[in-house]
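The structure under discussion appears below in the form of structure tokens.
The values are calculated or read from the model by the stated rules, or taken from the named source; none is laboratory data. This one's a predicted model, so the numbers in the text were calculated from it and none came from an experiment. Backbone-built Cβ (ideal geometry, glycine too); neighbour counts: all protein chains shown. Remember, those area values only see protein heavy atoms, side chains included, never the ligands or the DNA or RNA. Shrake-Rupley method; radii C 1.70, N 1.55, O 1.52, S 1.80 Å.
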Amino acid sequence: MKKIPYGGITNISKYLFDKYGEKGVFLKRGRAIAMNSKSMAQISGRVTRNCSVVAVTRVLDYYGKKGLVPGIPDDISQTYKVVEEIAESYGYTDKRGTIPFFISGIAREAFETYGVKTKCKGVYVFSFEKQVKEEISNGRPVIMNIARGFYKDHTIVVVGYSIWRVKGKDYPMLRVIDGWKSGYHYIDYEAFSRDFSQSVFGSFNTITVIG
């Protein structure tokens, strides 16, 4: 198996061929979650270590567009300013970014600013079935923080998935917005979760709107 980065994938078939020796067979696609996919720089107006702040902003904007959070500005850059101020109270700075353990607290407080209660949970022992498939199936994007490998010290948003089969084995591919560039990219969940040298360390932050 070739040492190819688990993330930043744009062409799944090519990636599978390069890594596993076959293009793979597409089996199924999960629910598609449409949300703002602008880059971090486009949303915040600067290039800095604000990936977690932008991720929370995207999710808040998503629920606002769905009508579940009242008063969310049409301009996501304005929402970003609100979330950034909250993040600063949790110790966020441009230089050091956000401590991952505080992502759920920042998200919870951001929603409360608009009068909406949520159940926000940081999950450090995770599975594809529980933290990805179940959440995406229910229309809930997931904030993912990664400590090592391609997305080292970076926070992204998971907005979908697909399943591919290569040589009799199924490979979940996560559809993500990584913020480095606008648009969508993919993560090989199997490579991320199994290759200790590249990844393993990270967390999934789930957000459920409860009223």
- request: Starting from region 174-193, take each residue that is in contact (Cβ under 8 Å) with a residue 40 or more places away in the chain and over 16 Å from Arg148 (Cα atoms) and list its partners that are surrounded by 24 or more Cβ atoms within 10 Å (Cβ to Cβ) and among the acidic types (Asp, Glu), counting only C-beta distances under 9 angstrom and pairs at least six apart or across chains.
  value: Leu174/Asp188; Tyr184/Asp178; His185/Asp178
query: Between residues in region 34-49 that are in contact (Cβ under 8 Å) with a residue 12 or more places away in the chain and residues that are aromatic (Phe, Trp, Tyr) and open to solvent by less than 30 Å² (accessible area, probe 1.4 Å), which pairs lie under 7 Å by C-beta distance while being six or more apart or on different chains?
result: Met35/Tyr62; Ile43/Tyr80; Ser44/Tyr80
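Between Ala147, Ala107, which is over 30 Å from Asn11 (Cβ atoms) and not polar (S, T, N, Q)? Even if it seems obvious, please write down each step before you answer.
Details: Ala147 fails: over 30 Å from Asn11 (Cβ atoms).
One residue alone meets the criteria, Ala107.
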- prompt: When region 41-61 is examined, which residues are found to be of a type outside the set (Lys, Arg) and either more than 19 Å from the chain's Cα centre (by Cα) or over 14 Å from Gly179 (Cβ atoms) (or both)?
  reply: Gly45, Leu60
- prompt: How about region 92-113: which of its residues are closer than 13 Å to Val209 by Cα and open to solvent by 20 Å² or more (accessible area, probe 1.4 Å)?
  reply: Arg108, Glu109, Glu112
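Given Ser89, Ser37, which one is under 30 Å from Tyr171 (Cβ atoms) and open to solvent by 20 Å² or more (accessible area, probe 1.4 Å)? Spell out the reasoning first.
Details: Ser89 fails: under 30 Å from Tyr171 (Cβ atoms).
Going through Ser89, Ser37 in turn, the sole match is Ser37.
Condition check ((1) of a type in the set (S, T, N, Q); (2) modelled with pLDDT under 95) across all residues:
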{"site": "Lys2", "(1), (2)": "no, yes"}
{"site": "Phe17", "(1), (2)": "no, no"}
{"site": "Lys28", "(1), (2)": "no, no"}
{"site": "Ser39", "(1), (2)": "yes, no"}
{"site": "Ala55", "(1), (2)": "no, no"}
{"site": "Arg58", "(1), (2)": "no, no"}
{"site": "Glu85", "(1), (2)": "no, no"}
- request: Scan region 153-170 and give yes if some residue there is open to solvent by 50 Å² or more (accessible area, probe 1.4 Å) and of a type in the set (A, V, I, L, M, F, W, C), otherwise no.
  value: no
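Condition (residue is more than 14 Å from the chain's Cα centre (by Cα) and without any contact (Cβ under 8 Å) to a residue 24 or more places away in the chain) applied to region 163-171: is it met by at least one residue? Steps first, answer last, please.
From region 163-171, those more than 14 Å from the chain's Cα centre (by Cα) are 163-171; that's our starting set.
Right, trim to without any contact (Cβ under 8 Å) to a residue 24 or more places away in the chain and you get 168-169.
Yes.
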message: Just to check your reading of the model, which residue among Ile103, Ile72 is farther than 30 Å from Pro172 by Cα and of a type in the set (A, V, I, L, M)?
response: Ile72
- line: Taking region 114-129 and keeping only residues that are basic (Lys, Arg) and either under 15 Å from the mean Cα position of the chain (by Cα) or open to solvent by less than 100 Å² (accessible area, probe 1.4 Å) (or both), one is left with Lys121
